[in-house]
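Peer 1: Quick one: structure below, then a few questions.
The values are calculated or read from the model by the stated rules, or taken from the named source; none is laboratory data. Because the structure is predicted, anything quoted here is derived from the model rather than measured. Methodologically, a virtual Cβ is constructed for each residue, glycine included, from the backbone with ideal geometry; neighbour enumeration extends over all protein chains shown. Side chains included, ligands, DNA and RNA excluded: accessible areas come from the protein's heavy atoms. Shrake-Rupley method; radii C 1.70, N 1.55, O 1.52, S 1.80 Å.
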Amino acid sequence: MTTRRVESRRLLPRRRRWPAPRRGMVLFVVVIFVAMISLAGLSYVAVMSMEHKAVRLRGDELQVEMAVGSGIEAIRAHLTQSPRNARAALYRGDPQRRFRGVVVADDSAGGRRTRFSAVSPRVEEERTAGLRFGLSNESARLNLGVLIEWDRLRPGSAQDALMNLPEMSQSIADAILDWIDPDSDPRGSGAEASYYSGLGLPYGPRNAEPTSLEELLLVRDVTRQRLFGADENFNYRIDAGEQAGGGGRTLSPAGAMSTPWAMLLTVFSAEKNARPDGKPKIDLNERDLRSLHGKLAEVIDSDLAAFIILCRQYRQVRLDGAADKGVPIRTVQLDLAVPARYEFTSPLDVLGIAVEVPAGGKEAAPRMVHSPLAASGRALRETLPALMDYVAVAPGGVLRGRVNLDEAPRAVLMAVPGMTEGLAQRIEAQRRAMARSTDAARRHPTWLLAEGLVDLAQMKAMLPFVTCGGDVYRAQVVGFFDDYGPVARAEVVIDATSDPPRQVYYKDLRLLGRGFSIDELRGTTAGVAAPLEA
């Protein structure tokens, strides 16, 4: 019996002993859960903070972008004035007030002001050295769009004009002209469609005026270095990081640079062919002499108006020193029924001439009527500029590509057909001497004749190519905050030959960096705490 009990105990399964419960396990799980919740919350806060900063940054970016837009509109509004008033404001210190650190938005609560400045390159002794406030006149540049017309009037003048640019070669000049001219025949060293197709390039010459200067980078041998220079961020100077890209150009220690082609060329320069009041100029070659006389009598001296009619009716005679004085214009009875037989080629045709007016009787000799405008003296300084204000031989429309004698650098002055090195030097010397002059006689290129720099024949030859005006302007508009934040900038060209002025070119420069310091844009010196006031 005892044996059976022992065997039965062996057959029974052993009771499992469960381990003793571990204390604190629930607390550990809770801690992990809370930590995960906290990390998730922290991550959410970090993401929201980053999104908030991104939204604020984007808001600041939009604000300075709008400041640039405000600057462009301010330029357009400025150019809606009469051309004479607009130019006078640009050259009499007004740019400091109109285009320097103009307040667009004043956040008094946040203590931040949003401003814009309109800046242009400051040129000193044929070198670009930093910025100045205000606009630059496109008529101070050589217009590529008129070179073919110049070449038609004076064969070879187009290539001669381009050869005055620094580092220009004859082959590049010919390639540029082949890109512009309407034919498909390559010039001596030029490049037409056959050249580009031979290189496998997917384009050929436009055979028309370029739409922008950047298009010249497609022309054979035109490099970015030649076109835009070493100034990679377009801040009008050579920075330390750009010295290596100088490409052999002579750079001054202050960062000045020789002027690249992009600052000497344009495709936009133009001006209104209009009177000071904005009305079309009077056509000296109008067929209806009665109408012509009525228009002239309203704006110029009656004797000069009558003499212009006589010039249209009768033969003109160039006077010499031995010529007699002739009869006064007021002794001649003006007959507006006599038809026009002659035309003017230039408003300067009325200077220093006489007109043979037939006498009443058949046997009487013709009377010589001398011009009220002498070819020297007071007439050139006062009467002639007033006449030029109102008359033209090609009235209406817009005059394109004339070079501004008062602003063009030496390379552009030398591009004018008929210009000589000596004359260009005398023009520059006269400009320096009259830099702050308000002489009304200098509003037309005829000041060259009044100052004795050219004779009448030279003035007539040069007059179709030169001006002292211009209604198309370029500037770099920069939007910025007083203290910190993003900066937006763009280069624009505003054409005021239309009403209202219109933007014809826009180049976003934000990808090139800030370019200018806040002190530069405000016109203040580093360390000056007080910003410009509104």
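Peer 1: Would you mind getting the accessible area per residue of segment 132-217, heavy atoms of the protein chains only, 1.4 Å probe, in Å²?
Peer 2: On the way: 3580 Å² over 86 residues.
Here the per-residue accessible area is 42 Å².
Peer 1: Identify all aspartates and glutamates with a Cα-Cα distance to LYS53 below 20 Å; exclude those on the same chain that are fewer than 8 residues away in sequence.
Peer 2: Counting by Cα, and skipping residues close in sequence, LYS53 has these aspartates and glutamates nearby: GLU61, GLU65, ASP107, ASP482, ASP483.
Peer 1: Loop-only check: which chymotrypsin sites (Phe, Trp or Tyr not before Pro) in segment 173-232 are DSSP coil with at most 15 other Cβ within 10 angstrom? Before the final figure, lay out the partial values.
Peer 2: Numbers: sites: TRP179, TYR195, TYR196, TYR203, PHE228; in loops: TYR203.
Filter output for segment 173-232: TYR203.
Peer 1: Give a quick list of trypsin sites (Lys or Arg not before Pro) in segment 424-519 that DSSP marks as loop, anything other than H, G, I, E or B, with at most 10 other Cβ atoms within 10 Å.
Peer 2: Here the trypsin sites (Lys or Arg not before Pro) that fit, given the DSSP loop and packing criteria, are ARG436.
Peer 1: Still on this structure, I have one more. Just grab the label-to-label distance for ARG287 and GLU124, each label 7 Å out from Cα along the Cβ direction, in nm (one decimal).
Peer 2: 5.9
Peer 1: Check which residues have an amide H placed less than 5 Å from ILE282's amide H, if you skip close sequence neighbours.
Peer 2: VAL391, ALA392
Peer 1: Apply the Karplus parameterisation 6.51 cos²θ - 1.76 cosθ + 1.60, with θ equal to phi minus 60°, to every residue of segment 225-234 and state each ³J(HN,Hα) to the nearest whole Hz, in sequence, with x for glycine and proline.
Peer 2: Calculated HN-Hα couplings, in order: 4, 5, 6, 10, x, 8, 7, 6, 9, 6 Hz.
Peer 1: Based on the Cβ-Cβ distance of ASP183 and PHE28, what FRET efficiency does E = 1/(1 + (r/R0)^6) give at R0 = 56 Å, to the nearest 0.05?
Peer 2: Details: r = 89 Å, r/R0 = 1.60.
Efficiency computed from Cβ-Cβ geometry: 0.05.
Peer 1: I'd like the Karplus ³J(HN,Hα) series for segment 486-496: coefficients 6.51, -1.76, 1.60, θ = phi - 60°, whole numbers in Hz, and an x wherever there's a Gly or Pro.
Peer 2: After applying 6.51 cos²θ - 1.76 cosθ + 1.60, I find x, 10, 10, 8, 8, 9, 10, 10, 10, 9, 9 Hz.
Peer 1: From the phi of every residue in segment 121-133, what ³J(HN,Hα) in whole Hz does the Karplus formula 6.51 cos²θ - 1.76 cosθ + 1.60 yield, where θ is phi - 60° and glycine or proline is x?
Peer 2: x, 9, 9, 10, 6, 6, 10, 8, 9, x, 10, 9, 8
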